[in-house]
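Here's the structure, in C-alpha cells; my notes come after.
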C-alpha cells in the first residue's frame, strides 16, 4: 500500500522516508512480517485457506504437521493452519477497529487541547490522567465485562484504553508548534483556525501519530489475544489466537503444535508491527533526514 | 545507592548550586509533594466515577446476576423489593455517594455469594500480588539493566544486535503464551502442577512459596526486563557521549568506575522511572499470569468477580488497584525527583 502510494505520488519527501524505511534493517523486517500478517488476514477474509477453520475432521484429530495438514490438527480435527489464518484475521480486525477509533478520537482531542489550550486542555488532559490511572489490561477487562464479550466490544474497550495515549502524543507537538513563527505568521495573516490546524499543524503531527498507530496495533493485538485467552474476546466457534493458546493447555505436552502454531502467529504479528514502528520512527523523524 | 547517583549527576550540573542532601525532604520537594498528592486525590475521584459508571453500563443487574434465569419468575413486587435491597432503585448520584462514602470509611462492600467483605478479600489477595510484583521487578530490573549494559557496550555490534533481538522478543511474546508454555512443560517434565496447592506466604512455608512464585515471577519479570533493557541501552548510549564522561576518563578514573558511577549513575534516572511504571502495571496487569498459575492475587480477584458477576467486588477492587497504581506512580515521581536535581524546579 505504502509502496504504491510512494511511487504514484512521487513527492520527494514521501519517497525519501520510504527509502529510509527500507534502508533500516528493522524497517525491512518489520515490513515483511507485517506484510505476511496482512496477507494471511486478507486470504482468510477471501476464504483462501486449505480447510474451513471450523470444519471438524474427527478421524484426523490431533495429527502432527504433514503435507495434508501443514500445521497439524486440533482435538476436533480442525486444521490448525487455517485456524491460525482466521485467528490472525480476528486479531487484526479488532486491532484495526480499536486503533482507528482511538487514534481519530485521541488525535483530535489532543490537537484541540494543545491548540486551544485553556479549559479544554485542562479537561482533556485530566480525563487522560484518569484513564492512565489503570493498568491497561485491567481497564480493558473491566470495560469488556461491562459491555459483554464479542469482537466489537473488545475493540471498543481497547480503543478507550488507547485514546489518552493518542491525545498525549498529538498534544505535545501541537504545543510546540503553536508558537512557531510560521503558525504565528498565519495567524497574523488572518488564517482561520481550521486552516491553521489542517494545513500547518496536522502534517507535523502526522509523523508521531503514524508511529503511534503502528506500535498501538501491536499492543492491540496483544491485548485482544490476552482477552480472548481469558474467554472475554472473540467467541467460539470463530477461531482466535488467544483462544487457541487457551485450548492448547491440556494438549500441548503431547501435541506441541497446538500451542506453538498460534504462539508463533501472535509473536510474528507483534514483532513485525514493533519493528515497523521502530523503523517508521527513524524514517519519519525529520531531524534524521540528513542521515 | 542514592549518594553516587547524586554525585554523578552533579558532574554536569555545575551551574546548579543546590544538591539534595540526605535526611529531610527539601522544601521544593515538600511543596511539590503536596500539590502532587492533591492531584492524585482528584485523579482517584475521577477514577471512582469512571469505574462506577462503567459498571452501571452492565446489561442486566445484580438481581439477574444473583437469580440467573429465575429472575424472570419474580413478581414486580419481589423485583422492586430486591431492587431496594441491593440499592439499585435509587438515583445514580445517591448510589455513587453511598458507595464512595462507605469506601472512605473502609467498607468496600460484600461479595454476595460468599458474604466475604471485599476489604478482607483484598487484604489476603493484595500481598500475593505485591510479592509477585516485587519478585518480578527485581528479576526484570537486574536482567534488563545487565542486558542493556551489554548491548550498549558496543552500539550496533554483535552484542547489541543479539541483546536488542532478545529484548524485542521478550517484548513481543505475550505473557499468556509464555505462561502456558511453562505450565505445560513443567507439568509434563517434572509432574508439577502449579494449580495444585493453596497459596503459602513466605513466612509460612518458604520453599513452597518459592515453588509457587518462581515461574509466574519469571514470566512477569521477562515482560519487565524488555522495556528496562531498552531504556538502559538508549540512556547509556546517550550518556556515553557526554562531556562529563570524557572528563571522568581524562581524570584517569578506571573504566569500571566511570561506567558504574558516572554513566550508570545518570542512566539510573530514566531506568528508575521505567521500573516504577512497570511495577505499577504489575499490580493489576498480573491478572493473566495469576490466572494461569492459579495465584489468588488481586488481578484474579477481579477476574473471578467478573466471571461470577459480583459487580460490587469488581467495582471496589478495581478502585483499590487504581489507587495502588496512582500511589506507585507518585512514589516513582518522588524517587525520580529525589535523584534528579534537574527536575526540582518544575
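Details
- Averaged over the residues of peptide B:165-173, the number of Cβ atoms from other protein chains lying within 10 Å of each residue's Cβ is 4.
- Packing, taken as the mean count of other beta carbons within 10 Å per residue, orders the peptides A:195-207, A:101-113, B:290-302, B:327-339 from highest to lowest as B:290-302, A:101-113, B:327-339, A:195-207.
- Compactness of segment A:164-211 was expressed as the Cα radius of gyration divided by 2.2 N^0.38 Å, which yields 1.15.
- Order of A:152, A:134 - criterion: other Cβ atoms within 10 Å of each residue's Cβ, fewest first: A:152, A:134
- FRET efficiency estimate (nearest 0.05) - Cβ-Cβ, residue B:93 to residue A:19, R0 56 angstrom: 0.45
- Packing here is the average count of other Cβ atoms within 10 Å per residue, and on that basis the peptides B:318-326, A:85-93, B:273-281, B:97-105, highest first, run A:85-93, B:318-326, B:273-281, B:97-105.
- Note on residue B:257 and residue A:184: their simple-model spin labels are 4.9 nm apart, each label 7 Å out from Cα toward Cβ.
- When the Gaussian network model of chain A links Cα atoms closer than 10 Å, the mean-square fluctuations of A:132, A:229, A:191 top out at A:191.
- Chain A, helix-only ellipticity at 222 nm - DSSP H runs n ≥ 4, -39,500 (n - 2.57), divided by all residues, nearest 500: -24000 deg cm²/dmol
- Rounded tilt (10° steps) of A:257-284 against the dominant C-alpha axis of chain A: 20 degrees
- With a 10 Å cut-off around each Cβ of B:49-55, the average count of Cβ atoms from other chains is 4.
- Peptide ranges B:250-258, B:35-43, A:121-129 listed from the most packed, as the mean C-beta count within 10 angstrom indicates: A:121-129, B:35-43, B:250-258
- Crossing angle, helix A:118-132 versus chain A [Cα axis fit, 0-90 degrees, rounded to tens]: 20 degrees
- Segment A:175-207 and segment A:247-283 have Cα centres lying 42 Å from one another.
- Each part gets one Cα centre, and for segment B:221-292 versus segment A:129-168 those centres are 29 Å apart.
- When chain A is treated as a Gaussian network with alpha carbon springs shorter than 10 Å, the biggest mean-square fluctuation among A:276, A:59, A:243 belongs to A:59.
- Per-pair calculated FRET efficiency, R0 = 51 Å: residue A:32 and residue B:85 via Cβ, rounded to 0.05: 0.25
- Once the Cα atoms are used to define both axes, helix A:151-178 deviates from the longest principal axis of chain A by about 30 degrees.
- Taken residue by residue and averaged, Cβ atoms of other chains lying within 10 Å of the Cβ of B:282-295 number 3.
Read-outs throughout are calculated quantities, based only on the coordinates presented, and are distinct from any laboratory measurement. Fair warning: this is a prediction, and the values are worked out from it, not measured in the lab. Note that each Cβ is placed from the backbone with ideal geometry, even for glycine, and that neighbours are counted across all protein chains shown.
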